[in-house]
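Encoded as structure tokens, the structure appears first; notes follow it.
The values are calculated or read from the model by the stated rules, or taken from the named source; none is laboratory data. Nothing here was measured: the structure is a model prediction, and the numbers come from that model. Using ideal geometry, Cβ is built from the backbone for each residue, glycine included, and neighbour counts are taken over all protein chains shown. Quick note on the areas: whole protein, heavy atoms, side chains included, nothing else; ligands and nucleic acids left out. Shrake-Rupley method; radii C 1.70, N 1.55, O 1.52, S 1.80 Å.
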Amino acid sequence: MSETLKVLETRRSCKNFKPDMIEEEKLQAIIKAGTYAASGMGRQSPIIIAVTNKEMRDKLSKMNGEIMGRGEGVDTFYGAPELLIVLADRSVSTYIYDGSLVMGNLMNAAADLGVDSCWIHRAKEEFDSPEGKKILEDLGIKGDYEGIGHLVLGYAAAPLKEAAPRKDDYVYYIR
């Protein structure tokens, strides 16, 4: 089996991270893989925000928890020390698909490099809020971007679960 197929079959979401930061060269390789995701008509509608600053990471986790309806002190990022946020330009008709493909590339690249990850939702609500829009403005990001997802990154604090069996009716053939 090819290494790519092995990664695709064995990658799992992590929900319990060590506090250790990942190596910068691994972070850059993961980000680069995200920039090579397919996009409708090659328009590259997504952008990636890399968050390694603990204060901003904690602020985003708190915002995410508030949207989710979680109480104080709940870390919606499962202790992951850093994250990548994918947003995409709403003016491009394929923006949701484009951003989702970036998320997939990021997750699979992380797994290939031995870095664990988990896709966290509610980026749309975060970056549609006044506080989220202010973060984008402070970064100099202009345009009408929608949050697609957060990819929290780090190293698992415990072994990850095995894959669930694939459902029997997953694939249908027309031959």
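Key figures
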quantity: Any hit, region 25-46, residues being among the polar types (S, T, N, Q), more than 13 Å from the chain's Cα centre (by Cα), at pLDDT 95 or above and open to solvent by less than 20 Å² (accessible area, probe 1.4 Å); calculated: yes
quantity: Top-ranked residue in region 1-17 [being assigned to a helix (DSSP H, G or I) and under 30 Å from Asp75 (Cβ atoms); ranked as least open to solvent (accessible area, probe 1.4 Å)]; calculated: Val7
quantity: Single residue of region 137-172 satisfying the filter (of a type in the set (Phe, Trp, Tyr) and touching a residue at least 12 places away in the same chain (Cβ under 8 Å)) that is nearest to Val92 (Cα to Cα); calculated: Tyr145
quantity: Near pairs, Cβ below 8 angstrom, 6+ apart or cross-chain, from region 109-128 (over 11 Å from Cys14 (Cα atoms)) to any residue that is aliphatic (A, V, I, L, M) and open to solvent by 50 Å² or more (accessible area, probe 1.4 Å); calculated: Arg122/Ile67; Arg122/Met68; Glu125/Ile67; Glu126/Ile67
quantity: Subset tally (residues that are under 15 Å from Phe127 (Cβ atoms), without any contact (Cβ under 8 Å) to a residue 60 or more places away in the chain and of a type in the set (Gly, Ala, Ser)) for region 51-97; calculated: 1
quantity: Residue within region 21-32 that is assigned to a loop (DSSP other than H, G, I, E, B) and in contact with a helix residue (DSSP H, G or I) (Cβ under 7 Å, 6 or more places away or on another chain) present; calculated: no
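Matching residues to (1) charged (D, E, K, R); (2) over 20 Å from Ala80 (Cα atoms):
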| position | (1), (2) |
| --- | --- |
| Lys134 | yes, yes |
| Glu137 | yes, yes |
| Gly149 | no, no |
| Ala156 | no, no |
| Ala163 | no, yes |
